[in-house]
Structures are given as C-alpha cells and as structure tokens.
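Bear in mind that the values in this text are calculations on the coordinates, not laboratory data. Note that this is a predicted model, so its numbers are computed, not measured. Cβ sites come from the backbone with ideal geometry, for glycine too, and all protein chains shown count toward neighbours.
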Amino acid sequence: MDRRRMELLRQIQELQFAAVELTLFMDIHPEQKQPLADYNRIAEHLRSLMDEYEKLYGPLMPFGQSTVENRWSWTDEPWPWQL
Amino acid sequence: MWIYEKKLEYPAKVSRPDAKMAKLLLAQYGGPDGELSAALRYLTQRYTMPTGKTKALLTDIGTEELAHLEIIATLIYKLMKDVSLEEIKEAGAAGYYIHHDRALYYTDANGVPWTAAYIQSMGDPVTDLHEDMAAEQKARTTYEHLIQMTDDPDLIDTLRFLREREVVHFQRFGEALNLVQEHYAHRHVF
Ligand SMILES: [Fe+2]
C-alpha cells in the first residue's frame, strides 16, 4: 500500500472523527454557533479529501454515493481489514 | 465505517393499526431468518471471504439487510402506535406488552429473544455461502407466510418488496458460490 494512500486515509479518518464528535455534541447542544461553523468547515475539507482519494484509489462508498470511473473498482482489495 | 442515511430504502406504510400483524412481523425483526440475523450473518462472514468480489457482496448485502431491518421496525412501530390494550390482548401480544410496551425488541413472533445461535460463520466460504442461500430462501418463505396473514394493501406492498429482495440476494449468493468454486478449482491446479 503506497504512502500517499495511507497518508490521505489518515487525514480522512482524523477529519471524519472530528465530524463524528461534533455531530454527537450538537445533537445535545444544537443552539451553539461555533461547533456548527467548525462542522461545516470540516465537512467541506473532508469532501475534498474524499474526492481526491476516490479519484486515485476508487470509491469509498457503494449504493450511488460515489461515482465510479472506467470499471467497477469497488470490489478491489485491500478491504479495510486487510490493511 | 458506516454512516446512517435518514431515509428508508423503500416506503413502509400501513393502512391501519394491527397488533396481530405487528406480532407476526417480529419474525423478520428478531427471528432466526429475520433481517437482524441476515445482516449480522453476512457482516461477520465477509472477513474470511476469499476474493474482493465476495468480500464486496457480503458487505453490500449485509448493509442492505440493515436497511430492511429498519423497514421492518418502521412497519411494527406503525402497526403498534395507536393500537388499544384490548387489541393487544386479543392479538396474544399481552406478554410482549408486559416486557416491552410498544417498544421494538429483538424477538421472533413467539417472543423468543434473538440469539447468535441463529447464524453461522464456519470459515469455509463454500459452506458459508450455502448457509446464506438457505437463509435467503427461508426469509422469502417467511415473507410469503406474512403476506398470507393480512389484507392490508400498503403492508403487502412493502412485504412484497422485501420478498423480492430475498430472491435477488439468493441469486447473487449463488453466483458468488460459483466464483468461489472456480477460484479454488483454479488454485488447486498448482
Ligand atoms: Fe436478504
């Protein structure tokens, strides 16, 4: 597995984890403005990193959530538990 | 990882409250061949599938089964929401009411709680895929039994959709089994 891929994956995990934390927080504290601003900034950055990852290494999601170029690379190994 | 999508895969409507059908639908919620069993069966077997294609198929069907679990839960919720205590007693659902009121709990139609003993994960992909094909047929039969028990057209429409999905899953598992057998036949040449 090449280094660029592992780096990109790590960045995606970090950003997505922040988004998970903010989601839980805002579920109980929806009235606060700062977490919402953080969430939107993170969501945008996350989307651009996931786009970049998918262009290089294939779709991250099935069921119409990611577009897939050329051939159905969704089934390509490694799966997450093989890394 | 998984992300929740705030919508059903297919509409789940009912024409009227019906405690009897709610109780029977538990068969596909926490029963042996229900949607919880299906999802957990495929999502645990996928790790030891031998190829990218079969890992993908079990991941994707396992995920779709979670969506079906949500549809069944929605149907049971709607069937139970406005039902009276009298109707609950008449439906033979008083025991369920005592433990769970109108809440969703993983039991079969007879109140037997879900158990991991309903599923298998043998580490042999040929064996596991045979179990999966059998499970899909049992789920299809259960949906046919459920459809026979009601005349609610909205409920029947959703149950027919779920029945049809079992047929498709069976077909895909059958194809996966062929791929796996070819995979091993090819390997054993060397
Ligand atoms: Fe299924």
Ranking of B:PHE170, A:PHE25 by count of other Cβ atoms within 10 Å, fewest first: A:PHE25, B:PHE170
Inter-label distance, nm, simple model (7 Å from Cα along the C-beta direction), B:GLN181/B:MET1: 4.1 nm
Prolate/oblate/rounded label for the protein assembly as shown (Cα gyration tensor, a/c 1.5): oblate
Projected label distance in nm at B:TYR10 and B:PHE161, using a 7 Å step from Cα toward the beta-carbon: 0.6 nm
Label-point gap, in nm, between B:TYR47 and A:VAL68 - each point 7 angstrom along Cα→Cβ: 2.5 nm
Pairs from B:LYS20/B:LYS138; B:LYS7/B:LYS138; B:LYS81/B:LYS138; B:LYS7/B:LYS89; B:LYS89/B:LYS138; B:LYS6/B:LYS89 whose Cα-Cα separation, in the structure shown, is over 23 Å: B:LYS7/B:LYS138; B:LYS81/B:LYS138; B:LYS7/B:LYS89; B:LYS89/B:LYS138; B:LYS6/B:LYS89
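Quote the FRET efficiency, to the nearest 0.05, computed for A:MET1 versus A:ARG41 with a Förster distance R0 of 30 Å and r equal to the Cβ-Cβ distance.
Calculated transfer efficiency: 0.55.
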Neighbouring partner chain Cβ atoms per residue of B:54-60, average, 10 Å criterion: 4
Neighbour cut-off at most 14 other Cβ (10 Å), DSSP loop, GluC sites (Glu not before Pro), the range B:1-37: B:GLU5
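Peptides B:20-32, B:85-97: what's the order by average Cβ count within 10 Å, highest mean first? Display every interim value, and only then the final one.
Numbers: B:20-32: 22.7, B:85-97: 15.7.
In descending order of packing, they fall as B:20-32, B:85-97.
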Proximal aspartates and glutamates relative to A:LYS55, as straight alpha-carbon distance under 13 Å, when same-chain residues fewer than 8 apart are discounted: A:GLU69
Burial ordering of B:THR142, B:THR48, fewest other beta-carbon atoms within 10 Å first: B:THR48, B:THR142
